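The next block holds one structure in the form of C-alpha cells; read it before the comments.
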Amino acid sequence: MPKKTLMAGNIAIAEGAILAGCQAYFGYPITPQNEILEHMSKRMPEEGRVFMQTESELAAINMVYGAAATGYRAMTSTSSPGFSLEQEGISYMSGAELPGVIVNVMRGGPGLGNIGGAQGDYFQSTKGGGHGDYRIINLAPASVQEMMDFTMLAFELADKYRIPVVVLADGFLGQAMEPAVMREPVTELPGKAWAITGAQGRSKNIINSFEMEPVNFPSRVKLLLQKFDKIRRNEVRYEGLNLDDATLVIVAYGSASRSALTAMKMARQEGIPVGLFRPITLFPFPYEPLSNLAQRVNDFLVAELSLGQLIEDVKLAMGVDKRVELVNQYGGVPLSAEEILEAIKKMIKQPIGR
Amino acid sequence: MTKLETSELDTVLYRRPESLEDYHLHFCPGCGHGIVHRLIAEVVDELNIRERAVCVASIGCSVNVYHYLNFDGLESAHGRAPAVATAIKRCRPHLIPFTYQGDGDLAAIGTAEIVHACARGENITTIFVNNAIYGMTGGQMAPTTLIGMYSTSTPGGRKPPLSGYPIRVCEMLSTLDGPAYIARVSIHNPATVKKAKQAIKLAFRTQLAGLGMSLVEVLSPCPVNWRLEPVEALKWLTENMLPQYPLGEFKVIEAVAALKKGAGGA
C-alpha cells in the first residue's frame, strides 16, 4: 500500500504542481486558496524554482504568459473574483497558444460574494470566459487526491495542446483534509522549439495573437478550432457509478458530487436505484456518454452549487423527452446529501408529464 | 582606379543594423517610432546582445515592434508588458527583456504593472515612447496629453476639471527605491537623437550589469494625430512638451553612475 498523507486540498494542488515540474508560480492573495500561495512561497525556492507574489491577478496571469512564453511550466492560483481579472490574460494565452495552468478555487458570488465554496464560475470557465473565440480545458477534482492528480494532468494537457488548462475546484475542496498518496515526480519535460529563449543559432521566435490584416486572422482562429475539436475527441473524462440499473441519475461535479455520492448510497439503502454521473472534464464536456445514458434513463437530477449552470450542458446532451431537474445551493453554502435525497424522492413520486 | 579609391568605396559608413529587419513600415510620415526602433537596434548590436534580447511589445502603435526587430519578441496585453518582462527575466535571467510601451499603455492602463516592476527593482528595461496622445486608436486624450491640447476626446482641449492633469512618469517613478536608472530624452533633432541613444544604451547596460530597473522615456512626435506637418510637429514638441516634460536623468544610482563613467561608457 502506498503511504498516504493527510493534507488539505489546497496543499495537494501546490504539491501536485511541484511534482508536475511547475517551474514558475505567480499569485495574489485571495481566500479560500491562500494556502497554495503560502505553500508555494516556501516550496518553490526550496526546489530552486520561481515564486512571485504579484501586485494583482492581472499581473499574475500575465507573468504566467511571460513564463510560459519562455518555455517554462507556469501556473497561478486564484478564486472567483481574481479569476474574472485573469480572463484577459487567458484569452491572450489562448490566442498565442501558450500552455499554462490556472487553478480556480471557486467561492460565493457574484461580486465580492463570500469565501464559502461555490460553483458559480462554470459558464465563465467552460465557455471561454474572456473575449474572442476560444475554449480552455477544465478539470474538476472531487477529492484531495484529485486536487493533486488533476493539477499534474493539467500541466501535461497544457503542454500537449499548447493551451491554458483550468483546475476548477471550490472552497470546500480547497479547505477539506483527506489522506492522499504522493505521486512520482515528472522528470522529463517536453521540448519547446517555439519558445522565447534568445535568437541564438536560429531565426527569431515571435509569440503573438495579432494580425494587422483581418483577412489573415481567420486561418489562425481555424487552427484553434481544429485543436478544440481534437480535444473534444480525445480528452473527455468522466466517472459513472451504479449506472447499470439506475432509473434516476444524479449529475454532479466537484464537491457537489461528494454530497451526491452520499445521497446515492442513502437512496439505494432505501431501495431506490440511483446512479451518479460525474463529469471530470467540464470542457470537453462528456455530452456523448451522457447522451448514451439517456437512451435508457429518463430522470436526471443535476446537483450543483450555482443557480443552474451545469444543468444547461446536461440538457444539451439529452433528448427533449427527458426529465432534468435541479437541486442546488449557491452563494457559498454547501449542498447536503439530505437535500439531494429529498429531491430524488420528490422527483420519483411525480409522474413524468410527457 | 587607385587602391585608395577602392578602399573608400568599400567603407560602409551607414547601414541597417543586424538587429533591424527590412519590414514593411506601417508608421505615419514624421512618426518618431522608426527612430526609436533604430536606436534600440543599434544599441543591441553594439552591446552584442542580439541573441539574448527579447522585445516585449505593447498595445498601440508599438504593437508591431517585434516585426521590425531581428530578435525574439512577443506581444503582451494592454499595459501588462512589465509583468510579462518580469516573468521572462525571472525564468531565464540570461535573456535581456525590454518593454516597448506608449503613453496610453504605460501611463494609463498599465500604471500598476510599471509601478510595481519599478518598486521591485526588476532587472528589466523599459523604453517608454511618449507622444502625448493615443496614436493607434486615432488621437484620443492620453494620460500625458497637455492641458489645453486638442484630442478627439477633448474637443475644446484638455481641461483639468473634466480630465485631470498630465502624468510626469519619470518624476513619479523616480520617487521609488527600486529603479536604478530613469531618464527622459527626446528625438526632435540630431543632437537629442544622439543623447537618446546614449540613454537607451545606458539603460541596457544597467540591466546587463544586473543593477535593476531601467526606464527611458522618449518624447516623440505624432504629426498625424497632432494635426501638424512633420516639421511643425517637431517645433510643437520643443515648445510645448519640453516645458511640461523636462529632459534629463531622474534616477541614477551610484553603480549606474560608475558604469556611465567607466570603460565602454555610453
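Just so it is clear, none of the values below were taken in a lab; they were calculated from the coordinates. All values derive from a computational prediction rather than experimental measurement. Quick reminder, even Gly has a Cβ in these numbers, built from the backbone with ideal geometry, and neighbours come from all protein chains shown.
Find how much the distance from B:Ala257 to B:Lys159 grows on full extension, using 0.36 nm per residue of separation minus their present alpha carbon separation; answer in nm with one decimal. Working shown, then result.
Values: separation 98, 0.36 × 98 = 35.28 nm, distance 3.96 nm.
Length gained between B:Ala257 and B:Lys159: 31.3 nm.
Counting helices only, and only those DSSP H runs with n ≥ 4, report the 222 nm mean residue ellipticity of the protein assembly as shown as the sum of -39,500 (n - 2.57) divided by its residues, in deg cm²/dmol to the nearest 500. Before the final figure, lay out the partial values.
On the way: 23 runs with 236 residues, N = 620.
Helix contribution divided over all residues of the protein assembly as shown: -11500 deg cm²/dmol.
Calculated FRET efficiency, A:Lys4 and A:Arg237, Cβ-Cβ r, R0 25 Å, to nearest 0.05?
Values: r = 23 Å, r/R0 = 0.93.
Result of the calculation: an efficiency of 0.60.
Over the alpha-carbon set of the range B:19-261, work out the extent along each principal axis and list the three values in angstrom, largest first.
On the principal axes, the range B:19-261 reaches 49, 40, 34 Å in Cα extent.
Please state the charge dipole magnitude for the protein assembly as shown, taken about the Cα centre, from unit charges on C-beta atoms (+1 on K and R, -1 on D and E), reported in debye and rounded to the nearest 20. Display every interim value, and only then the final one.
On the way: 59 positive and 62 negative charges, 72 e Å.
Approximately 340 debye in magnitude.
Enumerate by residue number the trypsin sites (Lys or Arg not before Pro) in the range A:1-57 meeting two conditions: DSSP loop (anything except H, G, I, E, B), and at most 16 other Cβ atoms within 10 Å of the site's Cβ.
On the way: sites: A:Lys3, A:Lys4, A:Lys42, A:Arg43, A:Arg49; in loops: A:Lys3, A:Arg49.
Passing both the DSSP loop test and the Cβ count: A:Lys3.
Once you average over the residues of A:54-64, how many Cβ atoms of partner chains fall within 10 Å of each Cβ? Can you show the working numbers first?
On the way: counts 7, 9, 5, 0, 8, 10, 2, 3, 12, 11, 3.
If you average over the peptide's residues, the count of other-chain Cβ atoms is 6.
For the range A:243-328, state which trypsin sites (Lys or Arg not before Pro) are in a DSSP loop and have at most 11 other beta carbons lying within 10 Å of their beta carbon.
Details: sites: A:Arg258, A:Lys265, A:Arg268, A:Arg296, A:Lys315, A:Lys322, A:Arg323; in loops: A:Arg296, A:Lys322.
When the trypsin sites (Lys or Arg not before Pro) of the range A:243-328 are filtered for loop state and at most 11 Cβ neighbours within 10 Å, A:Arg296 remain.
Would you list A:Glu57, B:Glu239 from fewest to most Cβ contacts within 10 Å?
The fewest-first ordering by Cβ neighbours comes to B:Glu239, A:Glu57.
Considering only chain A, what is the antiparallel percent among its DSSP beta bridges, to the nearest 5?
Numbers: 13 of 49 bridges.
Counting only bridges with both partners in chain A, antiparallel ones make up about 25 percent.
Would you mind telling me which residue in A:Asp229, A:Asp121, A:Asp149 has the biggest mean-square fluctuation in a Gaussian network model of chain A, where springs connect alpha carbons within a distance under 10 angstrom?
In the Gaussian network model the winner is A:Asp229.
Gaussian network model of chain A, Cα springs within a sub-10 Å range: biggest mean-square fluctuation belongs to which of A:Thr187, A:Thr78, A:Thr54?
A:Thr187
Using a 7 Å offset from the Cα along the Cα-to-Cβ direction at both A:Asp321 and A:Glu46, what is the distance between the two label points in nm, to one decimal?
6.0 nm
Count, for each residue of A:167-175, the Cβ atoms from other chains sitting within 10 Å of its Cβ, then give me the mean as a whole number. Provide the component values of the computation, followed by the final result.
Details: counts 0, 0, 0, 0, 0, 0, 0, 0, 0.
That works out to 0 on average.
Calculate the mean, over all residues of peptide B:91-97, of how many other protein chain Cβ atoms lie within 10 angstrom of the residue's Cβ. All intermediate terms of the calculation are to be shown ahead of the outcome.
Working: counts 15, 10, 0, 2, 4, 1, 3.
Whole-number average of other-chain Cβ neighbours for B:91-97 is 5.
Mind checking which of A:Gly130, A:Gly254, A:Gly174 has the largest fluctuation in a GNM of chain A, springs on alpha carbons under 10 Å?
A:Gly130
Say the dipole of the protein assembly as shown comes from +1 at the beta carbon of Lys and Arg and -1 at that of Asp and Glu; which of A:Ile90, A:Ser306, B:Gln140 then lies farthest toward its positive end?
Farthest towards the positive pole: B:Gln140.
Considering the dipole of the protein assembly as shown built from charges on the beta carbon (Lys and Arg +1, Asp and Glu -1) around the Cα centre, which of B:Leu162, A:Val103, B:Pro17 is farthest to its positive end?
Selected residue: B:Pro17.
Can you tell me the alpha carbon radius of gyration of the protein assembly as shown divided by the globular rule-of-thumb value 2.2 N^0.38 Å?
Working: Rg = 28.2 Å, N = 620, 2.2 N^0.38 = 25.3 Å.
Against the empirical 2.2 N^0.38 Å value, I get 1.11 for the protein assembly as shown.
Which listed residue (A:Ala8, A:Leu326, A:Gly275) has the Cα farthest towards the positive end of the charge dipole for chain A, taking +1 on Lys and Arg C-beta and -1 on Asp and Glu C-beta about the Cα centre?
A:Gly275
Using the Cα centre of the range B:19-261 as the reference point, and only Cβ charges (+1 on K/R, -1 on D/E), how large is the resulting charge dipole? Debye, rounded to the nearest 20. Provide the component values of the computation, followed by the final result.
Numbers: 22 positive and 20 negative charges, 84 e Å.
About 400 debye.
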